[in-house]
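Take a look at the structure set out below.
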């Protein structure tokens with residue numbers, strides 16, 4: 001919208017109030033679609049959960065701390081992640097730091113210790129890889145028509161009649177874009193991610209096998225990095 005220009009929107013004669021953000025199904029959607037409001041909201045929730053973990057870290061075993069992570073931190077990082085996880089890296093930095101703090105608490109590691117081997121040992125995914133993990137599952141469900149019709153139009157199969165997929169002929173249509181918001185959308189990011197995955201992940205025949213293979217692949221990358 002050009003600077004200084006405003007528009008009045010009405011539905012059935014009723015004016016629609018303009019707001020900076022609104023909450024829909026637990027997700028804050030802001031007017032610029034940068035997801036900062038939602039990220040601030042879940043960062044506050046996660047901080048409280050980490051505070052609770054910190055208070056009991058010296059009186060409960062590591063296994064109990066991991067259970068607290070799954071109860072107090074992990075749900076906020078995964079809920080509708082495929083939507084708000086497309087935010088720019090700078091916006092996600094706060095959540096990345098909080099997740100790292102939680103992992104160090106669970107493993108009772110020093111403040112500055114590297115988190116890669118910690119994630120690998122616990123078989124947990126970093127926030128950025130949670131985005132990839134959920135996006136890959138979405139693309140798998142599109143591939144095998146496991147989504148409702150309303151979700152099937154987000155991506156397009158390049159050639160439904162082709163029996164085999166090669167690197168020169170990706171399974172999904174890859175589309176160019178001009179803006180970062182568009183580039184991070186499932187319409188653009190999903191096919192690009194799928195095309196970048198190893199062949200054994202793309203060839204998974206069930207959602208459970210895809211999860212298992214991809215989790216192993218990502219955790220191994222933490223060890224080698």
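The values are calculated or read from the model by the stated rules, or taken from the named source; none is laboratory data. Because the structure is predicted, anything quoted here is derived from the model rather than measured. Here Cβ is always computed from backbone atoms with ideal geometry, including for glycine, and neighbour counts include all displayed protein chains.
Do any helices (runs of 4 or more DSSP H) lying entirely in the stretch 105-204 carry at least 2 residues that are modelled with pLDDT of 95 or more and surrounded by 11 or more Cβ atoms within 10 Å (Cβ to Cβ), and which ones are they?
Details: elements: 116-122, 127-143, 180-183, 186-196, 199-202.
Once the helices (runs of 4 or more DSSP H) in the stretch 105-204 are filtered for at least 2 residues that are modelled with pLDDT of 95 or more and surrounded by 11 or more Cβ atoms within 10 Å (Cβ to Cβ), what remains is 116-122, 127-143.
Name the residues in the stretch 30-40 that are within 20 Å of residue 89 (Cβ to Cβ) and out of contact with any strand residue (DSSP E or B) (no Cβ under 6 Å at 6 or more places or on another chain), would you?
Filtering the stretch 30-40 down to residues within 20 Å of residue 89 (Cβ to Cβ) leaves 30, 32-40.
Scanning the stretch 30-40 gives 32, 33, 34, 35, 36, 39, 40.
Is the stretch 55-76 home to any residue that is modelled with pLDDT of 90 or more and in contact with a strand residue (DSSP E or B) (Cβ under 6 Å, 6 or more places away or on another chain)?
Restricting attention to the stretch 55-76, the residues satisfying the condition of being modelled with pLDDT of 90 or more are 55-76.
Filter again for in contact with a strand residue (DSSP E or B) (Cβ under 6 Å, 6 or more places away or on another chain), leaving none.
Within the stretch 55-76, not a single residue is modelled with pLDDT of 90 or more and in contact with a strand residue (DSSP E or B) (Cβ under 6 Å, 6 or more places away or on another chain).
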* Since residue 29 meets every condition but one in (1) surrounded by 15 or more Cβ atoms within 10 Å (Cβ to Cβ); (2) in contact (Cβ under 8 Å) with a residue 24 or more places away in the chain; (3) not in a helix (DSSP H, G or I), which condition does it not meet? -> (2)
* Asked: Failed condition for residue 93, given (1) free of Cβ contacts under 8 Å to residues at least 12 places away in the same chain; (2) surrounded by fewer than 12 Cβ atoms within 10 Å (Cβ to Cβ), with all others met?
  -> (2)
* Structure fact -> Condition set at pLDDT 85 or above and in a loop (DSSP other than H, G, I, E, B), scope the stretch 15-26, selection surrounded by the fewest Cβ atoms within 10 Å (Cβ to Cβ): answer is 25
* Just one of the numbered conditions (1) outside any helix (DSSP H, G or I); (2) within 20 Å of residue 100 (Cα to Cα); (3) touching a residue at least 24 places away in the same chain (Cβ under 8 Å) is not true of residue 42; which one? -> (1)
